[in-house]
1. Out of all the residues in segment 64-82, which are surrounded by fewer than 15 Cβ atoms within 10 Å (Cβ to Cβ) and touching a residue at least 40 places away in the same chain (Cβ under 8 Å)?
2. Go through (1) within 17 Å of ALA20 (Cα to Cα); (2) without any contact (Cβ under 8 Å) to a residue 40 or more places away in the chain; (3) of a type in the set (Phe, Trp, Tyr) for PHE91 and report which single condition fails.
3. Being touching a Leu at 6+ places or on another chain (Cβ under 8 Å) and in a loop (DSSP other than H, G, I, E, B) is the filter; apply it to segment 110-134 and report the residue that is modelled with the highest pLDDT.
Amino acid sequence: MVGILVAVLVWPLVHLGLVAQARVDPWELFGWAMYSKPAARVQVAVEVERAGRLVPLRAMGEMRRRVAEYARARTALGLFARPDDLLRAIFESDPSIEAVELVLRDVSLDLDSSFLVARDERLRFERPTPPAGS
């Protein structure tokens, strides 16, 4: 009984820390930190580099599903979400792609102005080099 009481008292603080440090969705993981941030989703745009030029990825069908799946994971798990499956699918889809840039847009409440603000983060991934002897 004491263990449950301690968990109920401690988890909100742990969850608030996960929201602040790892950008975990405050509405996930049985958290009470949901009241610390408006419900918003991370939007993911994908750009690919071919011959040194960045262009938007025209994601359709299965690729669009994978981008949406990563956006949901990034929204819920924050920095704990890994784009490995999405990147693998993109690189396998077209051998001319040299690099991938994920543009992550996170909308949050600015406490000073009380306005919603968008923060973009760009993550760049180079095409993995094949192992020697391949």
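1. LEU79, PHE80
2. (1)
3. Checked segment 110-134; the qualifying residue modelled with the highest pLDDT is PHE115.
The values are calculated or read from the model by the stated rules, or taken from the named source; none is laboratory data. Predicted model, so just to flag it, every value in this text is computed and none were measured. We place every Cβ from the backbone using ideal geometry, glycine too, and count neighbours over all the protein chains shown.
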